[in-house]
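Novice: Handing you this structure, nothing more for now.
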Amino acid sequence: MPATLTPTTVTSTSVLERVGTALSDPTRVRVLVALRDAPAYPSELAEVLGVSRQSLSNHLSCLRGCALVVSVPEGRRSRYELVDPKLGHALTDLLGIVLAVDPEHQDHGYRRTPDGARSPGDGPGPLP
């Protein structure tokens with residue numbers, strides 16, 4: 001007999017750990033921001049974000065594992081949405097934060113490549 005998944009409520013620091021895992025990757029951040037505005041199908045998300053469907057599938061799997069998005073079956077397709085509207089509000093609040101970035105310690109030791117991706121640098125330094 002297959003195991004049945006029972007939804008559980010995760011609170012406190014575990015939520016922050018899950019959100020931190022999700023926000024640690026730029027593509028997952030972009031997926032969450034896109035889903036903040038409206039639910040979407042994976043094929044649409046992949047096109048809008050400019051990533052392969054396989055890559056997007058891996059990121060959606062991570063976000064499901066973090067319990068931040070849910071897949072809603074619709075016939076032969078599945079639509080993705082944020083698990084809780086509060087997450088959308090929290091993302092909006094985070095996007096509105098103004099940071100005081102010290103030029104000597106920008107980007108935590110990573111430099112941006114010309115296409116905007118993070119790559120290990122030779123230490124903290126200004127972004128190109």
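The values are calculated or read from the model by the stated rules, or taken from the named source; none is laboratory data. The structure presented is a predicted model; accordingly, all values stated were derived computationally and were not measured. Quick reminder, even Gly has a Cβ in these numbers, built from the backbone with ideal geometry, and neighbours come from all protein chains shown.
Novice: Looking at the structure I just gave you, is R79 modelled with pLDDT of 95 or more, surrounded by 11 or more Cβ atoms within 10 Å (Cβ to Cβ) and of a type in the set (D, E, K, R)?
Specialist: Values: modelled with pLDDT of 95 or more: yes; surrounded by 11 or more Cβ atoms within 10 Å (Cβ to Cβ): yes; of a type in the set (D, E, K, R): yes.
In short, yes.
Novice: I've got another one for you. In the range 33-64, how many residues are assigned to a helix (DSSP H, G or I), over 23 Å from T92 (Cβ atoms) and either without any contact (Cβ under 8 Å) to a residue 24 or more places away in the chain or hydrophobic (A, V, I, L, M, F, W, C) (or both)?
Specialist: Selection size over the range 33-64: 8.
Novice: Inside the range 57-79, can you point out the residues that are farther than 22 Å from S14 by Cβ and hydroxyl-bearing (S, T, Y)?
Specialist: Taking the range 57-79 as the starting set, the residues that turn out to be farther than 22 Å from S14 by Cβ are 57-58, 72-79.
Those that are farther than 22 Å from S14 by Cβ and hydroxyl-bearing (S, T, Y): S57, S78.
Novice: Given L87, L35, L45, L23, which one is surrounded by 11 or more Cβ atoms within 10 Å (Cβ to Cβ) and in contact with an Asp or Glu (Cβ under 7 Å, 6 or more places away or on another chain)?
Specialist: Numbers: L87 fails: in contact with an Asp or Glu (Cβ under 7 Å, 6 or more places away or on another chain); L45 fails: in contact with an Asp or Glu (Cβ under 7 Å, 6 or more places away or on another chain); L23 fails: in contact with an Asp or Glu (Cβ under 7 Å, 6 or more places away or on another chain).
Matching residue, one of L87, L35, L45, L23: L35.
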